[in-house]
Amino acid sequence: MRVLLPCLFLLVACPSTVEEPPPAEAPGFPDDFLWGTASAAWQAEGDYDPDPSDGFAVRSNWTVWTERGCVIDAQTNPAGAGFYTKYADDFALAAGLGNNTVRLTIDWARVEPENDVWNEAEVAHYVEVLQAAHDAGLTPMVTFWHWVMPTWVQNPTEVDPLDTLAAPAGPDSFWVQEFEEFVRHVAAEVGEYVDLYSILNEPFSVISAGYLLGGCGSEAFPPGRTLDLRGARGTAANLLFGHAAACHALRELDVTDIDGDGSAALCGMAATNNVMRPADAYNDDDVSGAAKMDWIYNHSFMAALMDGDVDLDFDQAFTTTAADNPDLPIDEGRYPQLAGTLDWHGLNYYGPISVVGLPASSIGGLPSIDVADYDPSLPHSSLGFAIDAGGFGEVLDAFAVYGLPIYITENGLGDPEDADRAMFLVEHLDQLQAAIGRGVDVRGYYHWSLTDNFEWAHGFHQRFGLYRVDFEDPALPRTRNGSADAYQQVIEANAITDDLRSAWIKERYSSDGRL
Ligand code: BGC
């Protein structure tokens, strides 16, 4: 920095400027950084039906899944956290934390309860929600697929095993066309309020928990298939082409640039980006399994959506044909309609995954993930996820190479007692701040989640909220957790400071390496 010298009284020739030592690296987050929370429609809204007399039932694949008793304690989800009616109050809570953005979903099952039958009252409802977000000073980011679909798309019952997400699959499949139609139906109205779209949420969570894991009453998701490789690959293909079709539709139909930056519709995907670690760093199978998982989970979709290169047998090549491998729904190769459909990258980070490599033949060439064998050097959340803020920094560096702006679309801790959430938050934001200091282009952070909600296979037992919800009370009241104070203080400082570190980082997590 150059400063002017006060040299009026000097008789000698006075230089107009002088070099000053550069200031210490400015700590903190950019001035225009986005601070928010994320939630998903069905987790926060449940099956709540605003008007049971309108002839539209609110039913989705997850409604059916819970009715079948496939979630812990056979819980169902009548109203989630009550967000459907409490959204304005929740936005006020978020604004009170200092948030300036919020991530939420438009629920396909509500908007199109039957094929080509539109519930316009639900479209109007979401428009009201988006308007209320703006009124509270929160610019919304919108997701169109956070795993929940109408039953005419995926109905996971024995009597009606309909599942168009998995098959047929390909660029113009039924699922792709129908998903595009849903997005087109709401795009113009939503577009008035939104520039940032995290079109899909975590494809690989559904690919693995829906098509590989198997079972009902375990950790599985609908449709609960076991090692269904063709279903997994079909789902991957449909999600890729569905993302691209939705992105092209949004770029065409959303013409309102709400923040005046020249872009009315910016396409992204909220991807689960775990750092993959070999369970045993000296075991070759584990090392190659971790590398393979890294490609599958973290990078294969990036190759498709940045360059158009599709790899459905996950061998890091794009050359296998459906004739070569009967599990492939389409030939691999370059699909130009996919290329360039990411304007930014959405990164969901929860922790590292410890990978055990099995002999390649055991499940069609896919490595298995060992989730039972915890890394004893790491603490774990109540949900069993290993906690490792350092891994967050690693993943951020790994994604910086794509040169896309990054938004942290989710990061949070299952912590029913809110014992460790504040520390988790401050440690992870410290890593984020350091990554930004290293030059990683991160534009925003969405904590998962503002309130407790329905945690998929774990139902109401798992709590991720900065605000606690009393699910026993039909009014679903919210109580502020201590971790909300930590988040608010970070946002106020727009930095992780030494004071915040010493206030919130304890010597160790309560679970201390063991569950
Ligand atoms: C999902 C959320 C979920 C969170 C915590 C993410 O993978 O997108 O819906 O609640 O993890 O498990």
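Only the coordinates and a few stated rules stand behind these numbers; no lab work does. For clarity, every value in this text was computed on a predicted model and none was experimentally measured. Reconstructed Cβ throughout: ideal geometry from the backbone, glycine too, with neighbour counts over all protein chains shown.
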**Report entry** Interchain or long-range residues, amide H under 5 Å from L196's placed H
**Finding:** V142, L266
Query raised in the report: According to a simple spin-label model (label point 7 Å from Cα along Cα-to-Cβ), what is the distance in nm between E181 and D280?
Result: 5.3 nm
Query raised in the report: Which Cα, out of S60, A303, L429, lies furthest along the positive dipole direction of the range 34-504 (beta carbon charges, K/R +1, D/E -1)?
Result: L429
Report summary line: Length-normalised contact order of the range 196-313, Cα under 8 Å, at least 6 apart, in percent, tallies to 26 percent
Query raised in the report: In which sequence would I408, I436 go, from the one with the fewest C-beta neighbours within 10 Å to the one with the most?
Result: I436, I408
**Report entry** Rounded Å value of the spacing that divides the Cα centres of the range 180-211 and the range 106-152
**Finding:** 10 Å
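Quick one: longest stretch of the chain between exposed loop trypsin sites (Lys or Arg not before Pro), exposed meaning at most 16 other C-beta atoms within 10 Å and loop per DSSP? Can you show the working numbers first?
Values: sites that count: R68, R438, K506, R508, R514.
Longest gap between qualifying sites, sites excluded: 69-437.
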Requested in this report: Could you give the DSSP H helices of the chain that reach 15 angstrom or more along their long axis (alpha carbon positions) and whose average Kyte-Doolittle hydropathy is no lower than -1.0?
Outcome: 83-96, 120-135, 174-191, 229-253, 389-400, 421-437, 482-493
Report summary line: Calc'd 3J(HN,Hα), the range 341-347, phi into Karplus 6.51 cos²θ - 1.76 cosθ + 1.60 (θ = phi - 60°), Hz, glycine/Pro = x, comes to 9, 10, 8, 7, 10, x, 10
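Going by how many other beta carbons lie within 10 Å of each one, how would you line up S483, S502, fewest first? Write out the running numbers ahead of the final one.
Values: S483 25, S502 8.
Listed from fewest to most nearby Cβ atoms, that is S502, S483.
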Requested in this report: Rank the residues V183, V127, V255 as a footprinting-exposure proxy: fewest other Cβ atoms within 10 Å of their Cβ go first.
Outcome: V255, V127, V183
Query - Packing-based order for 164-173, 281-290, 88-97, using average beta carbon neighbours within 10 Å, highest first - result: 164-173, 88-97, 281-290
Report summary line: Most packed first (mean Cβ within 10 Å per residue), the peptides 148-155, 39-46 order as 39-46, 148-155
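With the Cα gyration tensor of the range 34-504 giving a ≥ b ≥ c as the square roots of its eigenvalues, does the rule (a/c under 1.5 for rounded; else a/b larger than b/c for prolate; else oblate) give rounded, prolate or oblate?
Numbers: a/c = 1.28, a/b = 1.07, b/c = 1.20.
Judged from the Cα gyration tensor, the range 34-504 comes out rounded (a/c under 1.5).
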Requested in this report: Mind putting a number on the dipole of the chain about its Cα centre? Charges go on the C-beta only, +1 for Lys and Arg and -1 for Asp and Glu, and I need it in Debye to the nearest 20.
Outcome: 680 debye
Query raised in the report: Taking the Cα-to-Cβ direction at E507 and at D397 and moving 7 Å from each Cα, how far apart do the two end points lie in nm?
Result: 3.0 nm
